[in-house]
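This report refers to the structure that appears directly beneath it.
Since every read-out is calculated from the coordinates, none of them should be taken as a lab result. All values derive from a computational prediction rather than experimental measurement. All Cβ positions, even for glycine, are placed from backbone atoms using ideal geometry, and neighbour counts span all protein chains on display.
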Amino acid sequence: MQPTQRRLANAIRALAMDAVEAANSGHPGMPMGMADAATALFTKHLKFDPSDPHWPDRDRFVLSAGHGSMLIYALLYLTGYERPTLDDIKRFRQLGSPTAGHPENFELPGVEVTTGPLGQGVAMAVGMAIAERHLNAVYGDELVDHRTFVIAGDGDLMEGVNHEAVGLAGHLKLGRLIVLWDDNNITIDGSTDLSRNEDVVARFEAAKWQTIECDGLDGGKVGKALEKAIADERPSLIRCKTIIGFGAPNKQGTAATHGAALGAEEVAAARVELNWDLPAFEVPDDILTAWRTAGKRGSLDHAQWQDRLERSGRKDEFLARQTGKVGDAWLKPYLDKLLADLKSVATRKASEMALEAINAAVPATIGGSADLTGSNNTKTKALEPLTADNYSGRYIYYGIREFGMAAAMNGMALHGGVIPYGGTFLVFTDYARPAIRLSALQKARVIYVMTHDSIGLGEDGPTHQPIEHLQSLRAMPQIAVYRPADAVETAECWALALQSDEPSILALTRQNLTPLRTKAAGENLCAKGAYRLKAAEGARKVIFLATGSEVEIALAAAAKLEQGGVGADVVSMPCTERFDAQPAEYREDILPDVSNREILRVSIEAGATFGWERYVGLHGLKIGIDRFGVSAPAADAYDYFGLTPDKVARRVTDFMKTRGMK
Ligand SMILES: Cc1ncc(C[n+]2csc(CCOP(=O)(O)OP(=O)(O)O)c2C)c(N)n1
Ligand SMILES: [Mg+2]
């Protein structure tokens with residue numbers, strides 16, 4: 001006799017409570033409450049093949065309620081993925097085990113995205129659904145025809161970012177997106193009545209979603225709801241009424257099951273309640289066999305898809321796009337043309353010019369902006385909007401949804417086949433920051449086009465002028481911040497960002513900049529992160545380190561010092577992270593290890609000086625802005641903050657005097 005769906009679900013419940021018990025840490029309640037719904041999804045509806053977790057046409061599954069990580073670990077084990085093994089599950093949350101506290105995309109191939117910061121799973125799923133529709137429009141049903149399923153908790157549907165994501169998904173009519181809401185009325189603090197009285201279903205309907213309600217503890221009913229969701233053209237919310245910790249007789253339905261081990265006594269009681277008379281971590285053969293059989297459901301689909309790929313005539317192109325590798329063949333011809341006709345342009349404009357070449361050469365790019373298209377210069381001429389009527393478009397009007405945009409771009413990048421870039425003002429990285437952090441953690445190749453990168457934006461004033469942003473973003477691991485100084489550097493930085501396997505942030509100016517790189521270099525000079533743009537003519541006494549718009553100020557200040565017989569190098573430092581990664585000899589050549597009395601190091605950046613002592617030393621000179629900005633035309637603001645060649649040169653000379661330098 002086949003085990004019932006409920007018995008299959010109980011295997012998830014048992015593994016979840018046993019793993020949390022062994023770790024004495026973790027969240028049993030959510031997996032126990034959603035076990036029946038997840039069983040319905042994984043045994044009947046989800047298209048996947050555990051033998052090839054990277055099959056491009058698999059359905060994507062996102063456990064947005066990432067604290068319930070044991071749910072996905074149990075599902076991957078039961079359906080027959082190579083990892084996690086049962087031993088991995090026994091080592092839940094331990095050092096070196098892939099069964100990390102929250103699901104990490106870099107630990108287990110079956111985990112599509114890292115989740116845990118609530119709300120972001122839903123928002124990344126929107127990006128995955130966008131990528132799917134886009135690639136479907138490019139390659140057709142034969143090669144791209146899958147869905148994105150999400151399990152979201154109350155927390156996911158309270159977080160602000162879900163509002164952005166839900167609005168965007170409804171607008172783009174992402175019918176391939178299906179969210180199962182674990183409606184258990186419980187969060188950490190207790191009942192959801194403590195903090196919510198909104199009508200969640202009505203909200204989704206207002207955003208043009210289909211909504212379906214069902215008993216989440218009845219796998220058959222969840223299955224029917226899934227069928228209805230799949231059949232509809234709109235994105236769907238399935239409200240699954242559940243009981244947190246279902247099966248733990250004394251604690252279920254309470255916040256006590258949310259985030260702590262149930263305790264030996266309650267686990268024993270749950271085993272009786274669930275009729276699960278087995279030692280910890282043991283799954284009966286008939287149940288494991290049934291799960292493994294369910295895990296093979298997709299193999300025929302997969303084989304047929306492979307056949308279609310072979311016969312498509314587009315196999316190489318399709319697979320190349322999946323690998324995400326991008327060449328930089330566009331760069332040299334572009335630079336040749338640029339150098340032949342140099343003009344003063346803002347780096348945001350230079351970025352647009354580079355993008356004209358990039359978007360023509362790299363069909364995988366999908367651009368966008370959070371309602372600042374004309375300011376971020378992110379839309380190139382040939383890009384059509386990606387809309388509900390035309391998913392083949394490559395430009396997304398994200399609306400004023402910076403966080404939603406960034407999270408969607410993470411989902412797109414992790415889906416694969418597309419390279420998302422998107423813009424807003426640099427100051428609003430604050431609005432997107434939690435998703436930028438997840439780009440970095442997940443190594444999602446997202447390119448952030450962040451314009452208006454200093455007080456140089458002028459009259460919009462302190463609310464819009466970034467100060468601490470550059471340094472705070474540089475403090476984040478696994479993401480590169482680029483601040484190019486002119487059009488040539490901008491193109492070089494774009495090439496580096498495209499070829500990286502990590503996310504990048506391009507910080508670009510609103511104001512025009514003088515061309516500084518006027519001759520072909522024969523190599524990408526920005527690749528080293530910092531390079532000597534001008535060598536001292538007189539005996540070297542000063543090394544200027546500058547980024548972006550301040551490089552031309554450093555050059556002019558250096559020229560003044562040279563007139564007074566003080567030799568000064570000017571180092572352009574578009575990317576500190578890359579410079580830090582250079583061999584010691586190179587770094588020593590650019591910044592020799594001598595005292596600041598011999599050679600004074602001076603940093604110039606129109607932002608917080610915090611951290612520049614890393615390069616100029618404790619006794620170096622840091623020129624920047626350690627307060628909020630001012631509302632004034634750019635030139636006045638620069639003058640006000642002492643960022644002019646005259647004022648910089650004078651400060652350096654005075655500083656040298658007080659330090660007793662000649
Ligand atoms: C952005 C964010 N804020 C706070 C948390 C901490 N946290 C983890 S789970 C949770 C409660 C979530 O409630 P719900 O989604 O209903 O999960 P359930 O208790 O039903 O499992 C909170 C506040 C988090 N993970 N992410
Ligand atoms: Mg809840």
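Couple of notes before you dig in:
- Rounded to the nearest 500, the helix-only mean residue ellipticity at 222 nm of the chain stands at -12000 deg cm²/dmol, with each DSSP H run of n ≥ 4 adding -39,500 (n - 2.57).
- Set of lysines with alpha-carbon distance to K647 below 17 Å, sequence-local pairs under 8 removed: K560, K622, K657
- Within-14-Å neighbourhood charge of V446 [Cβ basis; K, R +1; D, E -1]: +1
- Per-residue 3J(HN,Hα) values for segment 298-313, derived from phi via the Karplus relation 6.51 cos²θ - 1.76 cosθ + 1.60 with θ = phi - 60°, read x, 5, 5, 3, 4, 5, 5, 4, 4, 4, 4, 4, 4, 8, 6, x Hz in sequence order (x marks Gly and Pro).
- Taking a straight Cα-Cα cut-off under 12 Å and skipping sequence neighbours fewer than 8 places away in the same chain, the aspartates and glutamates within cross-link reach of K221 are D36, E213.
- Residues L496, L95, ranked from the fewest to the most other C-beta atoms within 10 Å, line up as L95, L496.
- Put a plus charge on the Cβ of each Lys and Arg, a minus charge on the Cβ of each Asp and Glu, and nothing anywhere else: the dipole of the chain about its Cα centre is then about 1360 debye.
- Counting only lysines at least 8 places from K251 when in the same chain, those with an alpha carbon closer than 24 Å to its own are K90, K241.
- Estimated at 0.36 nm per residue, the fully extended path between K224 and Q94 surpasses their Cα-Cα distance by 43.0 nm.
- Taking other C-beta atoms within 10 Å as the exposure proxy, D88, D199 rank D199, D88 from fewest upward.
- Counted by Cβ distance under 15 Å from A129, the other residues give a net charge of +1, where Lys and Arg count +1 and Asp and Glu count -1.
- At full extension, K44 and R311 could sit 93.3 nm farther apart than now, given 0.36 nm per residue minus the alpha carbon distance.
- Distance in nm between pseudo-label sites at D215 and I400 (7 Å out along the Cβ direction from Cα): 4.6
- HN-Hα J in Hz across segment 38-53 - Karplus 6.51, -1.76, 1.60, θ = phi - 60°, x for Gly and Pro: 5, 5, 4, 5, 6, 8, 10, 10, 5, 9, 7, 9, x, 6, 9, x
- Nearest-0.05 FRET efficiency for A535 and R614, computed from C-beta distance (R0 25 Å): 0.65
- Estimated distance in nm for a label pair at Q563 and K657, the labels positioned 7 Å out from Cα along Cα-to-Cβ: 1.7
- Nearest 10 degrees, 0 to 90: helix 5-23 Cα axis against the chain principal axis: 50
- Packing-based ranking, highest mean first, of 550-556, 485-491 given that Cβ atoms within 10 Å are counted: 485-491, 550-556
- Neighbour counts of C-beta atoms inside 10 Å place R445, R650 in the sequence R650, R445, starting with the fewest.
- If you model segment 66-149 as an ellipsoid using its alpha carbon gyration tensor, with each semi-axis the square root of five times an eigenvalue, the axes come out at 28, 15, 9 Å, biggest first.
- Net charge of Cβ neighbours under 13 Å - reference N275; Lys, Arg +1; Asp, Glu -1: +2
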